[in-house]
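No lab work stands behind these numbers, since they all come straight from the coordinates. Please read all numbers here as calculations on a predicted model, not as lab measurements. Cβ atoms come from the backbone with ideal geometry, glycine included; neighbour counts cover every protein chain shown.
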Amino acid sequence: MTFAERFDGERVELDEVAEADRDGVDDALFDLGGDERRMHVRAYNHWVSLLKDRPFPAIADLDPASIADFGPHSVLLDFSNGLEDPAIAFLGRALREECELDPSVTRVADVPSRSLLSRLTDHYLQIIANRAPIGFEAEFIGTRGRTTLYRGILTPFSSDGETIDFIYGVINWKEIADPLTQASLDSELAAAVRGGVPAAGNQPVWADGPHAEQDHAGEDTPLSDSPLSGSLGDRLLVARESAAAVRAADTRSRSALYRALGRAHDFALATAEDADGYQALLDDAGIAVQARAPMTPVVKLVFGAEYDKTRLAEYAGVLSHARREGVGAGGLPRFLDGFEGGIKAVVAAERAAKRPAAAPDARDAALNRLREAAVLATVGLDAGSDEFVVLLARKGAGGLDVVARIDAGPVLDAAVKRAAA
């Protein structure tokens, strides 16, 4: 059965997603968490890099054949002549070979129903409805009779900046061994564990995994999700994966945002242990250190320097407050969950903590000086309930004739300040 994954982590059948779309629900069908989705993180980040403040990237800016990283695992669908049977404008080498397709396959209608490519093309109408990148994962029995697990991402492109008339999809996969082969592998694994030797061999691996191509050895070696493991660069990659998910869903999921901020906080803590590595990352990204806002470079590294400036400032405030409160590695999501008012309240608390102590009220100081001032004269009028009043007088034959009394307001405030100066 095929599932899409909503941004809050709930897995739903694609038929249910389509029904929700018709009902106007705009939950993003994308979650970039997890180490095995890094090809999709890179594909999504590439899509973001082409946006340039437009609703959708321009198709003219996309060149799948030049993308050595995930281009071989991708397909480009052309809807410029209608939605019913889009043309296949590009099909990556690895995907074509996996599906054993010949050059005669040029349209979606030509794609074999039990091929891996069909797992991408079967969902293209969803992205038209969502108008945003979506990701999905499932398993199916392919044309060779083997069970295949796959994960895919579809991203929208436009020729006019408004209409989605191209969709670019990237997919990776692994085949599950048949029972006999799996039993053999299990036996080898058990023997290796007993002998204290790491097992190796023909276990199924993801198409973009560390054993996929020798040219990329180690590039996708799974990282531990622990905040205390891995190099500084590894921690940054994990944080960027979660940040990419937040960007994909425009922060509609609180839990995903808290997770992304938590990983950014863990990365910030790690920078204290590797100052040189941190500086190298900043130099490579062209980001300057800010003494008065030390967390701003961190959030720029994680979320991207081009990200919304207001949100970057808020996220930096959250990380600063977490450091001020001594939140440990892995503890920020729990801290945010327990903070009444959420992120806005944390930001307000940090701003209040940074605000210098208020100077004595100038008006109070002025009033104190007037209380000690010498009395010039006493006028026989009703004193009223206010401590100070302003009397407006005109020059009279025998002195000053009082014509008005002002008990409050800006005129009184101005008179107090001037008299006490």
- prompt: Using modelled amide H (1.01 Å from N, peptide plane; none on Pro or chain starts), what sits under 5 Å from the amide H of Ile287, excluding residues fewer than 5 places away?
  reply: none
Violating pairs (Cα-Cα greater than 20 angstrom) within the set Lys395/Lys417; Lys354/Lys417; Lys309/Lys344: Lys395/Lys417; Lys354/Lys417
statement: Those trypsin sites (Lys or Arg not before Pro) from segment 284-366 that are DSSP loop and have at most 14 other Cβ neighbours within 10 Å turn out to be Arg292
- line: Of the residues Ala322, Val302, Ala268, the Cα lying farthest along the dipole of segment 259-343 towards its positive end, which is defined by charges on the beta carbon of Lys, Arg, Asp and Glu, belongs to Ala322
message: If packing is taken as the average number of other Cβ atoms within 10 Å across a peptide's residues, how do 148-155, 83-90, 399-406 rank, most packed first?
response: 148-155, 83-90, 399-406
